[in-house]
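Quick notes on the structure that follows.
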Amino acid sequence: MKKYLVKRLLQIIPVLFIISFVVFVLVYMAGDPVALMLPEDASESDREAMRAALGLTDPFYIQYFRFVGDLVQGNFGTSFRYNQAALPLVLERLPATFELAAASMVVATLMAVPLGIYSARKQNSLVDLFITGGSVLGKAMPNFWLGILLILLFAVNIQVFPVSGRGTIVHMILPAITLGTGIAAEMTRLIRSNMLEILNQDYIRTARSKGVSSNILVYKHAFRNSLIPVVTIMGLQVSHLVSGALITESVFSWPGIGLLLVQAVNGRDMAVVQAAVFVIALLVIVVNLITDLIYRLLDPRINYS
Amino acid sequence: MTENLLEVKNLHTHFFTENGVIPSVNGVSFSVKKGEVIGIVGESGCGKSVTSLSILQLINKPGKIVEGEIRFHEKDLTTFSEKEIRKIRGNKISMIFQEPLTSLNPVFTIGHQISEAIRLHQDVDKKEAKQRSISLLRKVGMANPERQYHAFPHLLSGGMRQRVMIAMALSCNPELLIADEPTTALDVTIQKQILKLMKNLSNELNTSIILITHDLGVIAEMVDRVVVMYGGEIVEENDVYSLFENPKHPYTKGLLNSTPKIHQLKEKLQSIEGNVPTPDQLPSGCNFQDRCPFAMDKCRELSPNLVASTDGSSVRCWLHQEKEVVNV
Ligand SMILES: Nc1ncnc2c1ncn2[C@@H]1O[C@H](COP(=O)(O)OP(=O)(O)OP(=O)(O)O)[C@@H](O)[C@H]1O
Ligand code: SF4
Ligand SMILES: [Mg+2]
């Protein structure tokens with residue numbers, strides 16, 4: 001297990017290099033930041049001086065090495081919008097994003113596990129049809145649309161929830177539902193099909209022939225097996241979570257990394273964009289690693305070598 | 001040896017699929033006495049597994065027992081509630097299945113799975129269940145049972161897993177053990193060991209066995225009485241010696257064709273010309289007519305009944321209908 005972990009951690013290094021390169025190239029191609037930094041009436045020689053001072057006149061690879069060198073020290077440069085170092089600015093927003101992500105995962109799991117299991121147990125019943133149809137709908141619904149709909153319904157028409165912002169648990173409910181619904185829909189579908197497959201396995205028949213009751217059959221023998229795919233499914237949802245968070249945070253003005261990134265992109269605050277993208281990518285890698293480890297703990301058939 | 005432990009009477013189990021009704025088992029009747037070992041033989045698809053699963057009410061949707069009785073100690077199991085039948089399963093009647101590789105739950109240790117069976121039916125605590133499981137594992141010939149108790153199924157070979165299945169099936173001293181092709185998936189030497197183990201344990205515990213198999217060699221070695229099935233029906237039933245010495249039904253003769261002597265029966269069922277009719281395409285008249293060398297006009301029009309003779313055998317064939325009709 002330890003050896004496996006070390007191996008996986010070592011594998012992260014080249015991945016990080018690729019990400020750093022992609023992030024750098026994106027910004028390199030995004031255009032001249034100097035135009036935005038100086039007042040409109042600055043002269044061409046002022047701009048030239050600014051570029052030289054920022055090292056923008058150096059060749060591409062020198063700029064890249066400088067970028068990586070800074071990156072290793074956690075230095076992504078200064079946000080000219082906030083006039084602060086970019087990385088702390090991004091890290092500051094992490095708790096808010098974590099909070100939203102966790103809340104939506106909880107919402108999604110609470111919805112998907114019972115619905116998925118129930119619809120598998122009642123395969124082809126009316127309820128099953130309803131749940132399956134609902135999950136298709138839930139998956140097709142864009143985050144911004146659902147978010148705005150929820151705001152209209154529950155913050156404007158019936159004023160039970162605040163329109164935006166972060167603070168109490170009440171603030172969290174609408175954004176978490178917005179972000180959680182699509183994930184729940186996907187999870188429900190996968191849990192259902194998984195459960196159906198598992199309930200047809202020989203070992204379920206064996207357990208039944210021992211006299212195991214149908215509830216224990218489902219919640220112990222089958223569910224324990226379906227946990228493996230469920231964890232994988234949850235891991236796979238992380239990318240949805242990231243892209244969904246960008247939109248959901250913008251819709252609800254939720255002060256997380258997503259909102260920061262969207263604002264930074266709009267304001268061409270490149271240091272912040274780089275730091276945010278890098279941190280998000282790192283998070284995705286770490287979550288995938290954790291998923292993989294849980295998966296291994298759950299499935300005794302996988303060995304760690 | 002007189003009292004009937006189990007009586008299957010006129011069992012009909014059908015599958016109601018989207019493409020129509022599949023009558024997999026049609027009017028099967030047989031009985032098992034205390035301590036008796038009976039064998040069910042027949043080609044693939046003739047309804048052996050469906051019959052055995054029907055006994056414990058383990059037929060899943062879209063299948064259903066549409067008619068018949070399963071009398072166990074005189075009580076009809078088909079009328080039992082789910083809760084009542086659970087007290088029979090694994091306790092009074094237990095099963096061993098063909099596929100040792102997939103019949104154990106991969107995420108629980110074998111010890112846990114045996115203990116679970118024990119604790120479902122016996123009022124013992126965890127520690128006691130563990131002790132019993134370990135001694136069962138020792139009994140079925142597992143080396144180092146204390147350690148193997150904690151093993152996950154994937155670490156064991158097919159033969160070892162089948163030993164675990166046997167330990168589990170015998171954990172509550174069942175009165176009847178149904179073994180559905182328990183050794184088909186194993187290689188020959190392991191097969192022998194497993195069968196010997198089953199036979200010894202059942203002798204020791206006086207357990208009755210229904211042994212389902214393709215393998216006439218296994219039948220010859222293991223069972224007291226044989227039921228031959230074809231197309232969802234019983235076509236012949238007799239004690240093992242009479243059946244091998246003097247098969248009556250043309251299908252049984254075909255099965256035994258290349259294996260004339262009981263002690264030399266090592267081969268699998270000799271294939272008979274033609275295909276097994278699927279249950280949804282059974283002909284009118286005798287099910288075996290298309291493959292039968294003795295088929296007559298009558299066979300194509302009317303189905304023969306299963307007729308019992310005074311020597312305790314029964315056969316379903318127009319060539320043997322001179323005696324009185326006993327079973328339907
Ligand atoms: N779940 C099911 N749905 C539809 N038909 C089924 C189902 N299970 C069994 N059958 C049908 O019932 C018939 C009898 O099947 P069964 O499994 O009892 O055969 P078997 O004698 O045990 O064969 P084998 O030697 O291959 O195990 C088969 O022809 C099959 O088509
Ligand atoms: S009834 Fe006729 S067709 Fe059927 S087995 Fe007997 S002789 Fe053959
Ligand atoms: Mg079978």
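The values are calculated or read from the model by the stated rules, or taken from the named source; none is laboratory data. These numbers come from a predicted model, not from an experiment. No Cβ is skipped: glycine too gets one built from the backbone with ideal geometry, and neighbour counts run over all protein chains shown.
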Condition test on B:GLU204, is it surrounded by fewer than 24 Cβ atoms within 10 Å (Cβ to Cβ), within 25 Å of B:ASN91 (Cβ to Cβ) and within 16 Å of ligand 3 (Cβ to nearest atom)?
no
Answer yes if at least one residue in the stretch A:263-270 is over 30 Å from A:ASN83 (Cβ atoms) and of a type in the set (Asp, Glu), and no otherwise.
no
Mind listing whichever residues of the stretch A:202-217 are crowded, with 20+ Cβ neighbours inside 10 Å and not charged (D, E, K, R)?
A:TYR203, A:ILE204, A:THR206, A:ALA207, A:SER209, A:GLY211, A:VAL212
Residues A:LEU199, A:LEU179, A:LEU150, A:LEU174: which one is within 20 Å of A:ALA120 (Cβ to Cβ) and surrounded by 15 or more Cβ atoms within 10 Å (Cβ to Cβ)?
A:LEU199
Members of the stretch B:78-96 that are under 19 Å from B:VAL8 (Cβ atoms) and either buried (at least 23 other Cβ atoms within 10 Å of the Cβ) or facing chain A (nearest Cβ under 9 Å) (or both)
B:ILE85, B:ILE88, B:ARG89, B:ILE93, B:SER94, B:MET95, B:ILE96
Out of (1) over 26 Å from A:VAL90 (Cα atoms); (2) in contact with a Ser or Thr (Cβ under 8 Å, 6 or more places away or on another chain), the odd one out for A:GLU40 is which?
(2)
Report whether or not A:VAL284 is of a type in the set (Val, Ile, Thr), assigned by TED's automatic domain parsing to the domain that holds A:TYR203 and surrounded by 18 or more Cβ atoms within 10 Å (Cβ to Cβ).
no
Just one of B:GLU128, B:GLU116, B:GLU99 is farther than 18 Å from B:SER202 by Cα, without any contact (Cβ under 8 Å) to a residue 40 or more places away in the chain and within 11 Å of another protein chain (Cβ to nearest Cβ); which is it?
B:GLU116
The lone exception for A:ASN75 - which of (1) part of a helix (DSSP H, G or I); (2) closer than 22 Å to A:ASP269 by Cβ; (3) modelled with pLDDT of 85 or more; (4) not basic (Lys, Arg) it fails:
(1)
Could you go through the stretch A:193-216 and let me know if any residue there is assigned to a helix (DSSP H, G or I) and away from chain B (no Cβ under 14 Å).
yes
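Which count do you get for residues in the stretch A:22-35 that are over 21 Å from the mean Cα position of the chain (by Cα) and either part of a helix (DSSP H, G or I) or at pLDDT 80 or above (or both)?
Final tally of qualifying residues: 7.
Determine whether B:MET165 is closer than 25 Å to B:LYS92 by Cα, of a type in the set (A, V, I, L, M), over 15 Å from the mean Cα position of the chain (by Cα) and within 16 Å of ligand 3 (Cβ to nearest atom).
Working: closer than 25 Å to B:LYS92 by Cα: yes; of a type in the set (A, V, I, L, M): yes; over 15 Å from the mean Cα position of the chain (by Cα): yes; within 16 Å of ligand 3 (Cβ to nearest atom): yes.
It is true that B:MET165 is closer than 25 Å to B:LYS92 by Cα, of a type in the set (A, V, I, L, M), over 15 Å from the mean Cα position of the chain (by Cα) and within 16 Å of ligand 3 (Cβ to nearest atom).
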Residue within the stretch B:50-69 that is among the small types (Gly, Ala, Ser), more than 13 Å from chain A (Cβ to nearest Cβ) and in contact (Cβ under 8 Å) with a residue 12 or more places away in the chain present
yes
Can you find even one residue in the stretch B:43-64 that is away from ligand 3 (no atom under 16 Å from the Cβ), hydroxyl-bearing (Ser, Thr, Tyr) and surrounded by 19 or more Cβ atoms within 10 Å (Cβ to Cβ)?
no
What are the residues in the stretch B:141-165 that are more than 20 Å from B:ILE118 (Cα to Cα), away from chain A (no Cβ under 14 Å) and assigned to a helix (DSSP H, G or I), if any?
B:GLY159
If you take just the helices (runs of 4 or more DSSP H) that sit entirely in the stretch A:236-305, which of them hold at least 1 residues that are within 14 Å of chain B (Cβ to nearest Cβ) and more than 16 Å from A:MET105 (Cβ to Cβ)?
A:270-298
Within the stretch B:174-219, can you find the residues that are away from ligand 1 (no atom under 16 Å from the Cβ), away from every other protein chain (no Cβ under 14 Å) and hydrophobic (A, V, I, L, M, F, W, C)?
B:VAL188, B:ILE190, B:ILE194, B:LEU195, B:LEU197, B:MET198, B:LEU201, B:LEU205, B:ILE209
Mind checking which residues of the stretch B:119-140 are within 19 Å of A:ALA207 (Cβ to Cβ), polar (S, T, N, Q) and in a helix (DSSP H, G or I)?
B:SER133
Looking only at the stretch B:222-244, count how many residues are surrounded by fewer than 24 Cβ atoms within 10 Å (Cβ to Cβ), in contact (Cβ under 8 Å) with a residue 40 or more places away in the chain and part of a helix (DSSP H, G or I).
3
If a residue counts only when it is polar (S, T, N, Q) and within 30 Å of A:SER125 (Cβ to Cβ), which strands (runs of 3 or more DSSP E) contained entirely in the stretch B:8-118 have at least 1 such residues?
B:20-33
Of the candidates A:GLY244, A:GLY235, A:GLY267, the one satisfying the condition of being assigned by TED's automatic domain parsing to the domain that holds A:VAL170 and buried (at least 23 other Cβ atoms within 10 Å of the Cβ) is A:GLY244
